[in-house]
Amino acid sequence: MLAGGETAGITPWNPTLNVHETGSGCRLTLSGVTSGHGATLQDAADDLIARLLNLVMVIRTSGLRVPSELGPPDPEVLRFLWEIGELAAGGEDIRERVFMPQPSEDPTH
């Protein structure tokens, strides 16, 4: 095992990152987690990171309470949030981890 719970040769899972143009700029969405909005792609990325940091710090401080009506949270999302929280708590910049390229889902690539 490597730092951050990574295993050599295995790319950690990330939620899907989507980019959408809006009338006032763009929106970046980390599927199932949070989104960021801004006049530019950089502004949207900055907003997404700020919202994600806020989310993981609240979870680390107060815990995650999920109403039973919603069912259990996705374990991959929880692992991702925990890892981001660990990196942030250690003073590391989470941008590289959040925006890291994911392997292609297309088996021909």
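The values are calculated or read from the model by the stated rules, or taken from the named source; none is laboratory data. Treat the numbers as computed from the prediction; the structure is a model and nothing was measured. Cβ coordinates were reconstructed from backbone atoms using ideal geometry, including for glycine residues, and neighbour counts include every protein chain displayed.
One table, with the values for the structure above:
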read-out: Scan of the range 1-26 for residues that are surrounded by fewer than 13 Cβ atoms within 10 Å (Cβ to Cβ), at pLDDT below 90 and out of contact with any helix residue (DSSP H, G or I) (no Cβ under 7 Å at 6 or more places or on another chain), ordered by number; value: Met1, Leu2, Ala3, Thr7, Ala8, Gly9, Ile10, Thr11
read-out: The range 9-26, residues that are outside any loop (DSSP other than H, G, I, E, B) and farther than 24 Å from Gly91 by Cα; value: Asn18, Val19, His20, Glu21, Thr22, Gly25, Cys26
read-out: Within the range 27-46, considering residues that are in a loop (DSSP other than H, G, I, E, B), within 20 Å of Ile59 (Cβ to Cβ) and not β-branched (Val, Ile, Thr), the one modelled with the lowest pLDDT; value: Gly32
read-out: Yes/no for Arg97 being among the charged types (D, E, K, R) and at pLDDT below 90; value: no
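A quick yes/no check of all residues on (1) closer than 29 Å to Thr22 by Cα; (2) crowded, with 16+ Cβ neighbours inside 10 Å:
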site	(1), (2)
Thr34	yes, yes
Ala44	yes, yes
Leu48	yes, yes
Asn54	yes, no
Val58	yes, no
Ser68	no, no
Arg79	no, no
Glu96	yes, no
